[in-house]
Structures are given as C-alpha cells and as structure tokens.
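Since every read-out is calculated from the coordinates, none of them should be taken as a lab result. All values reported here derive from a predicted model rather than from experimental measurement. Methodologically, a virtual Cβ is constructed for each residue, glycine included, from the backbone with ideal geometry; neighbour enumeration extends over all protein chains shown.
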Amino acid sequence: MTPADFIAAIAPAAQAAMRETKVPASVTIAQAALESGWGAHAPGHNLFGIKADASWIAPVTTKKTHEVVNGKTIIIEAKFRAYPDWLGSIEDHARFLVENPRYASAFEHCDDGEDFAWAIARAGYATDPDYASKLISIIRAHTLLALDTAGN
C-alpha cells in the first residue's frame, strides 16, 4: 500500500475522530503511518502501537518491539491492544488520548497538528526522543494539516 493509498483509507475515520475528540486528523494519520509502517505492520489492526495494560479487557496480540531505555534501543516482547479493523484502532487511539490525563495539555493545541504532536511527545507518548520530529516530517511531506480543516 502506498502512503497515498493509506492516507485515503484512514483519513475519513481520522477526521470523524477529530470532530468527536479534537485530536487532529493530521496527527492521527502521521502516528498511524509511523507506528505501523503505512499499515504494513499492524498486528491486530493496531495502527498506533498502544500497549495492553491490565485495564484492557479485550483481545490482545503479543509482539517484539523496540524501546528506548536510558538512551539505548532494546527489544522487548509486549502485549498490544487488538481490534477487528483499523476503524476500531483509530477510535480507541482518540479515546486513549482524551481519557489519559497525561495528554491533557496537548488539547490546548487542537488547532495546530504540529504543536499537538510536540505536546503528546513531551507527555511521553513514545520512548523515541525524535518522535515529534518524525511525526511532523510525515505531516509536512504529505500535507496532512489540510485534513485538519477539511474534516471540520
């Protein structure tokens, strides 16, 4: 699947989630692209790499993943949330951000996808210290900010 095909496939769901939760569609799509390799690596339809903690009472999938710990990249095996389809993953991702107090400050930046990306990265969304820069690179390369206004 090409990046353009992937964007076309998930943009409507990302924009619907944005209308409901204020999570910018540009960020949803950039995160999905980065976390899943443009949909190629999404076991259990998990586009965002959201792990399954003890509170998750739904299907899971187990896979090896890279984490940055004390500045060093390591491989661990972890349980991840699983969904029946990509739409379920997108809806859960938006709820995850809205309901987690860790990301509350990000919602001060709903009108700017790039600032929102920086805010969730600062709040610890991923262990990669370059996470926000990578998201913004995808947002810019694929003009995803246009989807934030087109979806309203």
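List of remarks:
- Taking a straight line from the alpha carbon of LYS63, these aspartates and glutamates sit under 20 Å away, with near neighbours fewer than eight places off in the same chain left out: GLU35, ASP53, GLU77, ASP85, ASP92, ASP128.
- Selected from ALA54, ALA141, ALA42 as most flexible by GNM, with the chain as the system and alpha-carbon contacts under 10 Å: ALA54
- Within the listed set HIS45, HIS109, HIS66, the residue fluctuating most in the Gaussian network model of the chain (springs between alpha-carbon atoms under 10 angstrom) is HIS66.
- Under 20 Å from the Cα of LYS64 - lysines, other chains or at least 8 residues apart: LYS51, LYS72, LYS79
- For the range 54-152, the pair-distance distribution built from all alpha carbon pairs, in bins 5 Å wide starting at 0, is 2, 11, 15, 21, 23, 17, 9, 2, 0 percent.
- Difference of contour (0.36 nm per residue) and Cα-Cα distance, HIS41 to ARG95: 17.3 nm
- Computed from the Cβ-Cβ distance with R0 of 25 Å, the FRET efficiency linking LYS22 to ARG140 stands at 0.75.
- Each residue of the range 75-91 was assigned a 3J(HN,Hα) from its phi angle through the Karplus expression (A = 6.51, B = -1.76, C = 1.60, θ = phi - 60°), giving 10, 10, 9, 9, 8, 10, 4, 10, 9, x, 7, 5, 4, x, 5, 5, 5 Hz with x at Gly and Pro.
- Helical content alone sets the calculated 222 nm signal of the chain at -14500 deg cm²/dmol, taking -39,500 (n - 2.57) per DSSP H segment of four or more residues and averaging over every residue.
- All alpha carbon pair distances within the range 108-148 were sorted into 10 Å bins beginning at 0; the resulting P(r) in whole percents reads 32, 54, 14.
- Size descriptor, Kirkwood hydrodynamic radius, that averages inverse alpha-carbon separations across the range 1-132, Å: 15.0
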